[in-house]
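K.L.:
My questions all concern the structure below.
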Amino acid sequence: MDTAAAGAAPEAAGGSGRLLVIDGHSMAFRAFYALPADKFATDTGQHTNAVYGFTSMLLAMIREQQPTHVAVAFDLDTPTFRSEEYSEYKAGRNKTPEEFHGQVDLIIKVMEAMRIPTISMDGYEADDIIATLSSRAEAAGWDVLVVSGDRDAFQLITDKVTVLYPKKGVSDIPPMDAAAVEAKYFVGPQFYSDLAALVGETADNLPGVPGVGPKTAAKWINQYGGLEGILANLEVIGGKVG
(Lines give C-alpha, C1' and ligand atoms only; values in the text may rest on other atoms or scores of the structure.)
Protein backbone atom coordinates (compact mmCIF):
# COMPACT_ATOMS: atom_id res chain seq x y z
CA MET A 1 0.00 0.00 0.00
CA ASP A 2 1.08 3.57 -0.63
CA THR A 3 0.59 6.09 2.16
CA ALA A 4 1.63 8.94 -0.14
CA ALA A 5 -1.99 9.83 -0.97
CA ALA A 6 -1.54 12.61 1.54
CA GLY A 7 -4.18 14.86 0.04
CA ALA A 8 -6.90 12.29 0.68
CA ALA A 9 -7.92 13.79 4.01
CA PRO A 10 -6.90 16.49 6.48
CA GLU A 11 -4.49 15.67 9.26
CA ALA A 12 -6.10 13.75 12.10
CA ALA A 13 -6.80 15.92 15.09
CA GLY A 14 -5.28 15.13 18.44
CA GLY A 15 -7.10 13.47 21.31
CA SER A 16 -8.42 9.99 21.87
CA GLY A 17 -10.31 9.31 18.67
CA ARG A 18 -11.51 5.99 17.31
CA LEU A 19 -11.59 5.83 13.52
CA LEU A 20 -13.66 3.31 11.58
CA VAL A 21 -12.54 3.27 7.94
CA ILE A 22 -14.15 0.99 5.38
CA ASP A 23 -12.92 -0.33 2.04
CA GLY A 24 -16.01 0.64 0.06
CA HIS A 25 -15.79 -1.55 -3.03
CA SER A 26 -14.52 -4.55 -1.10
CA MET A 27 -17.42 -4.51 1.32
CA ALA A 28 -19.97 -3.59 -1.35
CA PHE A 29 -19.01 -6.71 -3.31
CA ARG A 30 -19.18 -8.77 -0.11
CA ALA A 31 -22.69 -7.48 0.50
CA PHE A 32 -23.68 -8.10 -3.12
CA TYR A 33 -22.72 -11.76 -3.00
CA ALA A 34 -24.15 -12.27 0.49
CA LEU A 35 -27.70 -11.29 -0.50
CA PRO A 36 -29.77 -12.46 -3.50
CA ALA A 37 -29.93 -9.71 -6.11
CA ASP A 38 -33.37 -10.79 -7.32
CA LYS A 39 -34.87 -10.10 -3.90
CA PHE A 40 -33.69 -6.48 -3.75
CA ALA A 41 -34.75 -4.15 -6.55
CA THR A 42 -36.66 -0.91 -7.10
CA ASP A 43 -39.69 -0.46 -9.35
CA THR A 44 -37.32 0.74 -12.08
CA GLY A 45 -35.29 -2.47 -11.93
CA GLN A 46 -32.28 -1.06 -10.04
CA HIS A 47 -30.88 -3.79 -7.81
CA THR A 48 -30.13 -2.76 -4.23
CA ASN A 49 -28.85 -5.87 -2.44
CA ALA A 50 -25.32 -4.43 -2.10
CA VAL A 51 -26.73 -1.13 -0.83
CA TYR A 52 -28.87 -2.86 1.78
CA GLY A 53 -26.12 -5.22 2.92
CA PHE A 54 -23.46 -2.50 3.05
CA THR A 55 -25.65 -0.12 5.03
CA SER A 56 -26.71 -2.84 7.46
CA MET A 57 -23.08 -3.82 8.00
CA LEU A 58 -22.05 -0.22 8.59
CA LEU A 59 -24.81 0.44 11.13
CA ALA A 60 -23.92 -2.77 12.98
CA MET A 61 -20.24 -1.73 13.04
CA ILE A 62 -21.10 1.69 14.43
CA ARG A 63 -23.25 0.14 17.16
CA GLU A 64 -20.63 -2.46 18.10
CA GLN A 65 -17.43 -0.44 17.78
CA GLN A 66 -18.63 3.02 18.86
CA PRO A 67 -16.24 5.00 16.63
CA THR A 68 -15.82 8.74 17.02
CA HIS A 69 -15.13 9.11 13.28
CA VAL A 70 -16.19 7.12 10.21
CA ALA A 71 -15.01 7.26 6.58
CA VAL A 72 -15.47 5.09 3.49
CA ALA A 73 -12.80 4.86 0.79
CA PHE A 74 -13.67 3.91 -2.79
CA ASP A 75 -11.66 3.03 -5.87
CA LEU A 76 -12.12 5.04 -9.04
CA ASP A 77 -12.56 3.48 -12.46
CA THR A 78 -9.38 5.14 -13.72
CA PRO A 79 -5.75 4.01 -14.03
CA THR A 80 -3.61 4.00 -10.89
CA PHE A 81 0.15 4.18 -10.47
CA ARG A 82 0.14 0.36 -10.15
CA SER A 83 -1.51 -0.28 -13.50
CA GLU A 84 0.79 2.28 -15.12
CA GLU A 85 3.81 0.42 -13.75
CA TYR A 86 2.50 -3.09 -14.44
CA SER A 87 0.00 -3.30 -17.30
CA GLU A 88 -1.20 -6.80 -16.31
CA TYR A 89 -2.26 -5.64 -12.84
CA LYS A 90 -5.72 -7.09 -12.07
CA ALA A 91 -5.98 -8.47 -15.60
CA GLY A 92 -8.23 -11.47 -16.12
CA ARG A 93 -10.77 -10.59 -13.44
CA ASN A 94 -14.32 -11.68 -14.05
CA LYS A 95 -16.69 -9.11 -15.48
CA THR A 96 -18.68 -7.21 -12.87
CA PRO A 97 -22.24 -8.63 -12.68
CA GLU A 98 -24.86 -6.43 -14.34
CA GLU A 99 -26.90 -6.45 -11.13
CA PHE A 100 -24.06 -4.70 -9.31
CA HIS A 101 -23.97 -1.70 -11.64
CA GLY A 102 -25.24 1.52 -10.11
CA GLN A 103 -25.11 0.24 -6.55
CA VAL A 104 -21.86 1.96 -5.55
CA ASP A 105 -23.35 5.30 -6.61
CA LEU A 106 -26.36 4.56 -4.43
CA ILE A 107 -24.15 3.61 -1.49
CA ILE A 108 -22.34 6.93 -1.83
CA LYS A 109 -25.71 8.74 -1.79
CA VAL A 110 -26.70 6.86 1.36
CA MET A 111 -23.38 7.86 2.97
CA GLU A 112 -24.04 11.49 2.02
CA ALA A 113 -27.45 11.28 3.68
CA MET A 114 -25.78 9.84 6.80
CA ARG A 115 -23.11 12.60 6.68
CA ILE A 116 -20.36 10.00 6.40
CA PRO A 117 -17.51 11.14 4.12
CA THR A 118 -16.60 9.04 1.12
CA ILE A 119 -13.07 9.50 -0.22
CA SER A 120 -11.54 8.70 -3.60
CA MET A 121 -8.37 9.99 -5.23
CA ASP A 122 -7.34 9.90 -8.86
CA GLY A 123 -4.31 7.66 -9.44
CA TYR A 124 -4.73 5.79 -6.17
CA GLU A 125 -6.78 2.92 -4.80
CA ALA A 126 -8.95 2.78 -1.71
CA ASP A 127 -6.12 0.76 -0.15
CA ASP A 128 -3.83 3.79 -0.32
CA ILE A 129 -6.43 6.11 1.17
CA ILE A 130 -7.06 3.66 4.00
CA ALA A 131 -3.31 3.36 4.66
CA THR A 132 -2.98 7.15 4.75
CA LEU A 133 -5.90 7.62 7.13
CA SER A 134 -4.68 4.78 9.36
CA SER A 135 -1.13 6.11 9.63
CA ARG A 136 -2.29 9.66 10.32
CA ALA A 137 -4.83 8.59 12.93
CA GLU A 138 -2.30 6.31 14.62
CA ALA A 139 0.27 9.11 14.70
CA ALA A 140 -2.34 11.25 16.48
CA GLY A 141 -2.80 8.54 19.10
CA TRP A 142 -6.13 7.26 17.81
CA ASP A 143 -7.34 3.69 17.63
CA VAL A 144 -8.16 2.56 14.09
CA LEU A 145 -10.52 -0.13 12.81
CA VAL A 146 -10.12 -1.03 9.13
CA VAL A 147 -12.98 -2.99 7.57
CA SER A 148 -11.82 -4.79 4.44
CA GLY A 149 -12.02 -8.13 2.69
CA ASP A 150 -8.59 -7.49 1.14
CA ARG A 151 -5.71 -9.30 2.84
CA ASP A 152 -3.39 -6.46 1.83
CA ALA A 153 -4.85 -4.56 4.79
CA PHE A 154 -3.07 -6.92 7.21
CA GLN A 155 0.19 -4.98 6.73
CA LEU A 156 -1.46 -2.00 8.46
CA ILE A 157 -1.99 -3.87 11.74
CA THR A 158 -0.22 -2.44 14.79
CA ASP A 159 -1.01 -2.04 18.47
CA LYS A 160 -3.34 0.80 17.45
CA VAL A 161 -4.70 -0.56 14.14
CA THR A 162 -6.97 -3.60 13.89
CA VAL A 163 -8.40 -5.08 10.70
CA LEU A 164 -11.96 -6.41 10.70
CA TYR A 165 -11.79 -9.11 8.03
CA PRO A 166 -15.03 -10.79 6.89
CA LYS A 167 -15.24 -14.56 7.00
CA LYS A 168 -18.79 -14.83 5.70
CA GLY A 169 -20.66 -12.12 3.84
CA VAL A 170 -20.96 -8.96 5.90
CA SER A 171 -22.29 -10.50 9.11
CA ASP A 172 -19.27 -12.46 10.35
CA ILE A 173 -16.40 -9.94 10.50
CA PRO A 174 -13.94 -10.90 13.26
CA PRO A 175 -10.94 -8.75 14.21
CA MET A 176 -7.45 -9.58 12.98
CA ASP A 177 -4.65 -8.37 15.22
CA ALA A 178 -0.91 -9.06 15.02
CA ALA A 179 -1.22 -12.38 16.89
CA ALA A 180 -3.96 -13.59 14.51
CA VAL A 181 -1.88 -12.75 11.43
CA GLU A 182 1.19 -14.49 12.82
CA ALA A 183 -0.84 -17.56 13.80
CA LYS A 184 -2.23 -17.87 10.26
CA TYR A 185 0.72 -16.79 8.10
CA PHE A 186 3.73 -17.37 10.41
CA VAL A 187 4.96 -13.80 9.94
CA GLY A 188 4.06 -10.56 11.66
CA PRO A 189 1.89 -7.91 9.93
CA GLN A 190 4.98 -5.84 9.10
CA PHE A 191 6.14 -8.70 6.84
CA TYR A 192 2.81 -9.50 5.19
CA SER A 193 3.67 -7.47 2.07
CA ASP A 194 6.97 -9.40 1.81
CA LEU A 195 5.05 -12.67 2.02
CA ALA A 196 2.66 -11.54 -0.71
CA ALA A 197 5.58 -10.46 -2.91
CA LEU A 198 7.17 -13.91 -2.69
CA VAL A 199 3.98 -15.97 -3.03
CA GLY A 200 2.12 -13.72 -5.47
CA GLU A 201 -1.52 -12.64 -5.45
CA THR A 202 -3.85 -14.29 -7.94
CA ALA A 203 -6.70 -11.84 -7.27
CA ASP A 204 -4.53 -8.99 -8.54
CA ASN A 205 -2.75 -11.10 -11.18
CA LEU A 206 0.59 -10.54 -9.47
CA PRO A 207 3.08 -13.39 -9.99
CA GLY A 208 5.21 -14.71 -7.15
CA VAL A 209 8.46 -16.66 -7.15
CA PRO A 210 7.82 -19.99 -8.97
CA GLY A 211 7.49 -22.86 -6.52
CA VAL A 212 7.41 -20.66 -3.41
CA GLY A 213 4.38 -21.16 -1.20
CA PRO A 214 3.39 -19.45 2.07
CA LYS A 215 5.38 -21.82 4.31
CA THR A 216 8.62 -21.45 2.36
CA ALA A 217 8.16 -17.70 2.12
CA ALA A 218 7.51 -17.41 5.87
CA LYS A 219 10.57 -19.54 6.65
CA TRP A 220 12.82 -17.35 4.53
CA ILE A 221 11.34 -14.12 5.94
CA ASN A 222 11.90 -15.25 9.51
CA GLN A 223 15.37 -16.58 8.73
CA TYR A 224 16.70 -13.62 6.77
CA GLY A 225 14.66 -10.76 8.22
CA GLY A 226 12.33 -9.91 5.36
CA LEU A 227 12.53 -9.50 1.60
CA GLU A 228 15.61 -7.30 1.61
CA GLY A 229 17.44 -9.87 3.73
CA ILE A 230 16.39 -12.66 1.36
CA LEU A 231 17.68 -10.74 -1.66
CA ALA A 232 20.96 -10.14 0.16
CA ASN A 233 21.38 -13.88 0.79
CA LEU A 234 20.32 -15.37 -2.54
CA GLU A 235 23.59 -17.24 -2.95
CA VAL A 236 23.09 -19.26 0.25
CA ILE A 237 19.48 -20.29 -0.43
CA GLY A 238 19.87 -23.74 -1.96
CA GLY A 239 17.66 -26.39 -3.49
CA LYS A 240 15.37 -26.25 -6.51
CA VAL A 241 13.13 -23.55 -5.07
CA GLY A 242 16.14 -21.47 -4.00
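K.L.:
For a quick check of your reading of the filter: which chymotrypsin sites (Phe, Trp or Tyr not before Pro) in the range 172-242 sit in a DSSP loop and have no more than 16 other Cβ atoms within 10 Å? Mind dumping the intermediate values first?
P.N.:
On the way: sites: TYR185, PHE186, PHE191, TYR192, TRP220, TYR224; in loops: PHE186.
Answer in residue order: PHE186.
K.L.:
In terms of the Cα gyration tensor, with a ≥ b ≥ c the square roots of its eigenvalues, is the range 21-159 rounded because a/c is under 1.5, prolate because a/b exceeds b/c, or oblate? Mind dumping the intermediate values first?
P.N.:
Values: a/c = 1.96, a/b = 1.17, b/c = 1.68.
Verdict is oblate for the range 21-159.
K.L.:
Just the number please: accessible area per residue for the chain, 1.4 Å probe, all protein chains included, in Å².
P.N.:
Details: 12740 Å² over 242 residues.
Accessible area per residue, the chain: 53 Å².
K.L.:
Can you give the local net charge around ALA50? Use residues other than it whose beta-carbon is closer than 9 angstrom to its beta-carbon, Lys and Arg +1, Asp and Glu -1. Please list the in-between numbers first.
P.N.:
Numbers: positive: ARG30; negative: GLU99.
Here the charged neighbours net out to 0.
K.L.:
What ranking of SER171, SER134 comes out by heavy-atom accessible area, probe 1.4 Å, highest first? The partial results should precede the final answer.
P.N.:
On the way: SER171 110, SER134 5 Å².
Highest to lowest solvent-accessible surface, that is SER171, SER134.
K.L.:
Once neighbouring chains are kept in place and the probe is 1.4 Å, which whole percent of the accessible area of the chain is contributed by carbon and sulfur? Each step should come with its number before you reach the end.
P.N.:
On the way: 6630 of 12740 Å².
Result for the chain: 52 percent of the exposed heavy-atom area is carbon or sulfur.
K.L.:
Give the calculated FRET efficiency between ALA178 and ARG63 to the nearest 0.05, with a Förster radius of 41 Å applied to their Cβ-Cβ distance.
P.N.:
Working: r = 26 Å, r/R0 = 0.63.
It comes to 0.95.
K.L.:
Might you work out the accessible area of LYS160 for me, using a 1.4 Å probe with all protein chains in place, and round it to the nearest 10 Å²?
P.N.:
About 70 Å², ignoring ligands and nucleic acids.
K.L.:
What net charge do the residues around GLU201 carry, taking every other residue with its C-beta under 9 Å from that of GLU201, with Lys and Arg at +1 and Asp and Glu at -1?
P.N.:
Numbers: positive: ARG151; negative: ASP152, ASP204.
That sum, taken over residues with Cβ under 9 Å, equals -1.
The values are calculated or read from the model by the stated rules, or taken from the named source; none is laboratory data. Please read these numbers as outputs of a predicted model, since none were measured by experiment. Virtual Cβ from ideal backbone geometry, glycine too; neighbours counted across all protein chains shown. Just the protein is used for accessible areas: all its heavy atoms, side chains included, with ligands, DNA and RNA removed. Shrake-Rupley method; radii C 1.70, N 1.55, O 1.52, S 1.80 Å.
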